[in-house]
Amino acid sequence: MQKVLVVVDMQKDFIDGALGTKEAQAILEPVLEKMKSYQKPEIYVTRDTHGKDYLKTAEGKKLPVEHCIQGTEGWKLHPQVEALADPSHIVDKPTFGSLDLALRLNLKNQKKPLEIELVGLCTDICVISNALLFKAFMPEVSISVDAACCAGVTPESHEAALATMQMCQVEVKGR
């Protein structure tokens, strides 16, 4: 069994930028410690990536806050997160869940069975979207989320997302 860590959207705009929260700032150190417990080839990092036309997109119309616009400071991964990641394992995603990463991990799982752990931001949007996407692609793979290394838009929505993932057979650790 090969363990894989997926670090979701640990970017400036979600930590202390346009959509940052104190809860997101509080998980930075635990996420870095978690990353250090894995080997670099076992870590995949997603990066929320939008274009300059973000406000005209379906997401932008519902969340009219420009964030993670490709090439801006807010789009960049936290420097310590980026330093612990293999550049070939950084996956830009234009929406909440990464179909590209799900396909990539599914191929990897076909060669050698995986165990996938997720951490990052935001529990109630991108973390849950990726966890459920992975579960749909790989229903027999053990998928977990470390609650202590995740933060939601609000503490309440963080808890609701953890409960939903648990109901969908994603193991919730670190409570």
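The values are calculated or read from the model by the stated rules, or taken from the named source; none is laboratory data. Predicted model, so just to flag it, every value in this text is computed and none were measured. We place every Cβ from the backbone using ideal geometry, glycine too, and count neighbours over all the protein chains shown.
Listed here are the strands (runs of 3 or more DSSP E) enclosed by region 73-173 that have at least 3 residues being at pLDDT 95 or above and aliphatic (A, V, I, L, M): 114-121, 142-151.
Residues that are within 12 Å of the chain's Cα centre (by Cα) and not hydrophobic (A, V, I, L, M, F, W, C) were ranked within region 1-26; the one that is farthest from K112 (Cα to Cα) is Q11.
With respect to V141, determine if the residue is touching a Leu at 6+ places or on another chain (Cβ under 7 Å) and farther than 15 Å from V31 by Cβ. So V141 fits the description; yes. Residue pairs whose Cβ atoms lie under 8 Å apart, separated by 6 or more positions or on different chains, with the first residue in region 1-25 and assigned to a helix (DSSP H, G or I) and at pLDDT 95 or above and the second among the acidic types (D, E) and crowded, with 19+ Cβ neighbours inside 10 Å, are D13/D48; F14/D48. Going by the structure shown, is K173 among the basic types (K, R) and over 24 Å from A26 (Cα atoms)? No, not satisfied. Does L77 count as in contact (Cβ under 8 Å) with a residue 12 or more places away in the chain and either exposed (fewer than 14 other Cβ atoms within 10 Å of the Cβ) or within 20 Å of K3 (Cα to Cα) (or both)? The answer is no for L77.
Across region 27-60, the qualifying residues are those that are of a type in the set (D, E) and part of a helix (DSSP H, G or I), and the one among them that is farthest from L114 (Cα to Cα) is E59. Condition (residue is surrounded by fewer than 22 Cβ atoms within 10 Å (Cβ to Cβ), closer than 17 Å to Y44 by Cα and touching a residue at least 24 places away in the same chain (Cβ under 8 Å)) applied to region 144-152: is it met by at least one residue? Yes, because at least one residue in region 144-152 is surrounded by fewer than 22 Cβ atoms within 10 Å (Cβ to Cβ), closer than 17 Å to Y44 by Cα and touching a residue at least 24 places away in the same chain (Cβ under 8 Å).
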